[in-house]
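The values are calculated or read from the model by the stated rules, or taken from the named source; none is laboratory data. The shown structure was predicted, so the numbers you read here are calculated from the model rather than taken from an experiment. Don't worry about glycine lacking a Cβ; one is built from the backbone with ideal geometry, like all the others, and counts go over all protein chains shown.
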Amino acid sequence: MKKTILTILLSFLFLNFTYKKENSWIRINQLGYLPQSIKVAVLGSKDNIEVKKFSLVDAKTDKTIYSSDKITAKGAFGPFTSSYRLNFSDFKTKGEYYLIAGNAKSPIFKIDDDIYDGTADFLLKYMRQQRCGYNPYLTDSCHVNDGYIVYNPNKEGQRIDVTGGWHDASDYLQYTATSANAIFQLLLSYRENPEAFIDVHQANGLPGPNGIPDVIDEAKFGMDWLLKMNPSPTEFYNQIADDRDHAGYRLPNHDSVVYHPKHIGRPVYLASPKPQGYKKYKNRSTGLASTTGKYASAFALGADVLKPFYPNYVKDLTSKAENAFQYGKKHPGVSQTAPGGAPYFYEEENWHDDMELAAASLYKLTEKEIYKQQALNYAAKEKISPWMGKDTARHYQYYPFLNVGHFELASTIKNHKKQEVINYYKKGLELLQEKGNNNPFLISIPFVWCSNNFVTAAVTQCKLYRELTNDNQFLEMETALRDWLFGCNPWGTSMIVGLPSYGDTPEDPHSSLNLLYNYQTDGGLVDGPVYGSIFNNLIGLELHKKDAHANFQSDYVVYHDDVGDYSTNEPTMDGTASLIYYLSSLENESRKNGHKKRQLTYDKTGAIIRGDTKQKYISLVFTGHEFADGAEIILNTLNQHNIKASFFLTGDFYRNPKFKNFIERAIADGHYLGAHSDKHLLYNDWSKNKKRLVSFQEFKNDLDANYHEMEKFGLKKEDSKYFLPPYEWNDEYITQWANRLKLTLINYTPGTLSHADYTLPKDKNYKDSETIYNSILNYEANKNLNGFMLLSHIGTDKNRTDKFYLKLDNLINELNNRGYKFISMKTLLDN
């Protein structure tokens, strides 16, 4: 009887502990924290708990290394009955940690200088995926017949070539308002933080460096389209397509919507001061300034930022900017987007901010005093972005959500007028600060459609204000808003698809690419949470799966990682573009503090071919298909030197019973095992043009078969994302196809003859092992092997008796003596 009672008591205590643990959560910025930054986590609980202390634990040793009582109670919020802000800002040691408070434990996070490195470039992935015309993500074209003119009485039904630009979101509509804003944000990002961006893509968006930063390629792509949308001084087109587009899930290159029986392509709407709408619903347009102002600011900034790259291209941009601004002056008011069969459209009703930004950009470009005065006049008419301090707003009622005009103007002028404009920013931020201080996340934005765009606008305004003033009074709010986007929110999820790669991020965004083909919208900023009252009243919204975040929903606000929720989980092009500036500025802050970003090297196909060259690190890479005579010697040598190498093996290699012991031992020894194609296909011929010999489907089928064989050894695709092509031969399409399959294509570092160890004495290109060995050491002596991926083979044909792997031990010893350290490929390449 006593034993039974004890069992029941222990069970009760266990269940009670489990219940409490599951009812409290610690939310953190999953990207991590800069050493010198404010660091605050949020504890939320469904119980009424009291927390007086929390601890920070080293994730590698599980030892508590810091404790604090810097805790602020914030009461109830959303799903939580009680909440606390846990401040560990004074802890600055780099490393990986987790927090414990009461029975709650946070995810592991990092403190380091590199956490924002490459994040701005990562968001460009989504921008490229949104391209219309030629789409590099799909390596195919869409909407090449756009379009035919509507709402222009002089040209009704005529064809106009406006192919290009970006799809607005997961549908395929295109808007000047969002696109012009995106162009400006991309250009601003590069102008302010040029060193944050790398060059690993061509102008057409396919992998491969072209000598121009990717952000400039993307801005130029958008600008090409904007110029098409402004074919004459009196024609400013506002929109392509309408909600007839909402005809079900399909890829853009398979768009089956027919808009008009007599016209090819999609309708192109002229910006109009009069209401427009295809069917029952109409917008409330009153003028043109909201649209032409955006044209003008994008053209003006483009004339400046694009000039070093395209001096001839920008010659007309200044005059086009001035014309657009003057046209807006003649037609004050807003030109809203056109609805159709549904009541949803962009209900923009403010326009002075657009004209201020246009005038300020023109003043910065031309130094004409008239533009400065006009910018000041417009600034005074919209001092504070109208959404700030409000609890709600209609869809895109106050757009853009951020008024960059104040920054452009204040950074150019001097005296009391400068301070006056800066104070406009300050007053808006004070409204947000006052409103947000009462909740644990310091969140103060209206939870309407695209709430994450409001967060992005607010956090960017904080940053721009700091740039202008060096005043940090809003820094904690800025940090909290930034952390909200990366997981410090009730749901504990990042709001950017795929960022960070090791975190909880949207897996099921509202997108045809995701739903139909499981293609991920990496880099896309999703709409974000909405009020429960909004969600419950939307038309045609249906969740597709069980809600993984059900425990954190509330009547107040909801977010669903579900493809069916177009209100909270749809990535948007303009929101993504607008976040790029802020992330690039954070990377820039690290650089100002002495941090040097790791730089990888890419070949012309976009394959990674070398790690960072600042340190003497080498990674050994081996490939295998039909031979493995060196397997045991190689593993023994690596084990002797405690080196972790990488083995890229074909499906045929994995399924060959003769090689099973080697594979199992390599896995047990902790080496990286990856894919090398299933049948060692030749993807491209050996000509200079690299004619492709496989289709995407053939490529995919072959790789799928390779990974299928790997899975038999417990090797999952998500853990083996690096892929080395057969014959070490590919083009940029193969690289992109690998990217589409969530793989990263790599290749060996050129310069030595290590890869020639397969050649046979009868071959004209035969290289003996001594020659190969000397080529490596000579290259090191004349240049260096920093960041090298040194490739050779697990085995070779029996007719080659001169085996290079027999020299591996000597090579390692010699390079160690020269100061090199051998590290794993994942350590070399991973962030």
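Quick one: is D391 among the acidic types (D, E), in the same structural domain as T176 (by TED's automatic domain parsing), over 15 Å from L301 (Cα atoms) and not in a helix (DSSP H, G or I)? Reasoning before the result, please.
Numbers: among the acidic types (D, E): yes; in the same structural domain as T176 (by TED's automatic domain parsing): yes; over 15 Å from L301 (Cα atoms): yes; not in a helix (DSSP H, G or I): yes.
Yes: the conditions hold for D391.
Kindly evaluate N588 against the criterion of being surrounded by fewer than 23 Cβ atoms within 10 Å (Cβ to Cβ) and either of a type in the set (S, T, Y) or in the same structural domain as F486 (by TED's automatic domain parsing) (or both). In short, yes.
Pairing residues of region 556-569 that are under 13 Å from G532 (Cα atoms) and assigned by TED's automatic domain parsing to the domain that holds D391 with residues that are of a type in the set (D, E, K, R) and surrounded by 24 or more Cβ atoms within 10 Å (Cβ to Cβ), at Cβ distances under 8 Å and at least 6 apart in sequence or on separate chains, gives S567/D527; T568/D527.
May I ask you to list the residues in region 550-566 that are in a loop (DSSP other than H, G, I, E, B) and of a type in the set (A, V, I, L, M)? Before the answer, list the steps.
As a first pass, look at region 550-566 and keep what is in a loop (DSSP other than H, G, I, E, B): 553-556, 559-566.
Scanning region 550-566 gives a single hit, V563.
Of all residues in region 721-747, those that are more than 20 Å from the chain's Cα centre (by Cα) and surrounded by fewer than 20 Cβ atoms within 10 Å (Cβ to Cβ) total 3. Among the residues of region 151-209, those that are closer than 30 Å to T601 by Cα and among the acidic types (D, E) comprise E192, E195, D199. For region 815-831, the candidate set comprises residues that are within 27 Å of E718 (Cβ to Cβ), modelled with pLDDT of 95 or more and outside any helix (DSSP H, G or I); within that set, the residue that is farthest from the chain's Cα centre (by Cα) is F822.
The number of residues in region 518-549 being at pLDDT 95 or above and not in a loop (DSSP other than H, G, I, E, B) comes to 4.
Hey, among K125, K110, K92, which residue is of a type in the set (D, E, K, R), touching a residue at least 12 places away in the same chain (Cβ under 8 Å) and assigned to a loop (DSSP other than H, G, I, E, B)? Quick ask: steps written out before the conclusion?
Numbers: K125 fails: assigned to a loop (DSSP other than H, G, I, E, B); K110 fails: assigned to a loop (DSSP other than H, G, I, E, B).
The conditions single out K92.
When T292, T318, T366, T286 are checked against the criterion of being within 31 Å of the chain's Cα centre (by Cα), in contact (Cβ under 8 Å) with a residue 12 or more places away in the chain and assigned by TED's automatic domain parsing to the domain that holds L186, T292 stands alone in meeting it.
Can you find even one residue in region 456-472 that is in the same structural domain as H560 (by TED's automatic domain parsing), buried (at least 24 other Cβ atoms within 10 Å of the Cβ) and of a type in the set (D, E)? Among the residues of region 456-472, not one is in the same structural domain as H560 (by TED's automatic domain parsing), buried (at least 24 other Cβ atoms within 10 Å of the Cβ) and of a type in the set (D, E), which makes the answer no.
For region 413-422, indicate whether the set of residues that are assigned to a helix (DSSP H, G or I), crowded, with 24+ Cβ neighbours inside 10 Å and modelled with pLDDT of 95 or more is non-empty. Scanning region 413-422 turns up at least one residue that is assigned to a helix (DSSP H, G or I), crowded, with 24+ Cβ neighbours inside 10 Å and modelled with pLDDT of 95 or more.
Only one of the numbered conditions (1) out of contact with any helix residue (DSSP H, G or I) (no Cβ under 6 Å at 6 or more places or on another chain); (2) aliphatic (A, V, I, L, M); (3) within 20 Å of V563 (Cβ to Cβ); (4) crowded, with 21+ Cβ neighbours inside 10 Å is not met by A480, and that is (3).
Identify, by number, the condition in (1) in contact with a Ser or Thr (Cβ under 7 Å, 6 or more places away or on another chain); (2) surrounded by fewer than 24 Cβ atoms within 10 Å (Cβ to Cβ); (3) closer than 13 Å to Y559 by Cβ that H510 doesn't meet. In the conditions (1) in contact with a Ser or Thr (Cβ under 7 Å, 6 or more places away or on another chain); (2) surrounded by fewer than 24 Cβ atoms within 10 Å (Cβ to Cβ); (3) closer than 13 Å to Y559 by Cβ, H510 misses (2) alone. Within region 612-620, the presence of at least one residue that is of a type in the set (A, V, I, L, M, F, W, C), surrounded by 15 or more Cβ atoms within 10 Å (Cβ to Cβ) and touching a residue at least 40 places away in the same chain (Cβ under 8 Å) is confirmed. Every test in (1) farther than 28 Å from K39 by Cβ; (2) of a type in the set (G, A, S); (3) modelled with pLDDT under 95 is passed by S141 save one, and that test is (3). Using beta carbons and a limit of 8 Å, which pairs, at least six apart or on different chains, have the first residue in region 459-484 and assigned to a loop (DSSP other than H, G, I, E, B) and the second one aromatic (F, W, Y) and at pLDDT 95 or above? Sorted first by the residue in region 459-484, then by its partner, the pairs are D471/Y465; F474/Y465.
When K614, K597 are screened for being more than 30 Å from L468 (Cβ to Cβ) and among the basic types (K, R), only K614 passes. All conditions in (1) on the phi < 0 side of the Ramachandran plot; (2) over 32 Å from the mean Cα position of the chain (by Cα) hold for Y683, with the sole exception of (2).
So that you can scan it fast, the table gives a plain yes or no per residue for (1) farther than 24 Å from G540 by Cα; (2) surrounded by 23 or more Cβ atoms within 10 Å (Cβ to Cβ); (3) among the hydrophobic types (A, V, I, L, M, F, W, C); (4) within 34 Å of the chain's Cα centre (by Cα):
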residue: A219; (1), (2), (3), (4): yes, yes, yes, yes
residue: L227; (1), (2), (3), (4): yes, no, yes, yes
residue: R244; (1), (2), (3), (4): no, no, no, yes
residue: H254; (1), (2), (3), (4): no, no, no, yes
residue: V257; (1), (2), (3), (4): no, no, yes, yes
residue: S272; (1), (2), (3), (4): yes, no, no, no
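The set of residues from region 36-76 being of a type outside the set (A, V, I, L, M) and in contact with a helix residue (DSSP H, G or I) (Cβ under 7 Å, 6 or more places away or on another chain) comprises S37, D47. Within the option set I734, I772, I812, being touching a residue at least 24 places away in the same chain (Cβ under 8 Å), within 30 Å of T139 (Cα to Cα) and not in a loop (DSSP other than H, G, I, E, B) holds for one residue only, I734.
If you go through region 23-57 and keep only what is under 16 Å from D90 (Cα atoms) and part of a strand (DSSP E or B), you end up with Y33, V40, A41, F54, S55, L56, V57. For the structure I just gave you, tell me whether S89 is in the same structural domain as P440 (by TED's automatic domain parsing), modelled with pLDDT of 95 or more and either surrounded by fewer than 24 Cβ atoms within 10 Å (Cβ to Cβ) or of a type in the set (A, V, I, L, M, F, W, C) (or both). No, not satisfied.
Note on region 140-154: residues that are surrounded by fewer than 17 Cβ atoms within 10 Å (Cβ to Cβ) and part of a loop (DSSP other than H, G, I, E, B) total 4. Within region 442-459, not a single residue is among the small types (G, A, S), under 30 Å from the mean Cα position of the chain (by Cα) and more than 28 Å from G492 (Cβ to Cβ). Screening the candidates G102, G78, G165 for the property of being at pLDDT below 95, buried (at least 19 other Cβ atoms within 10 Å of the Cβ) and of a type outside the set (A, V, I, L, M, F, W, C) yields one hit, G102.
Just one of the listed residues (S695, S646) is loosely packed, with under 15 Cβ neighbours inside 10 Å and at pLDDT 95 or above, and it is S695.
Can we say K383 is in contact (Cβ under 8 Å) with a residue 40 or more places away in the chain, surrounded by fewer than 24 Cβ atoms within 10 Å (Cβ to Cβ) and either assigned to a helix (DSSP H, G or I) or hydroxyl-bearing (S, T, Y) (or both)? In short, no.
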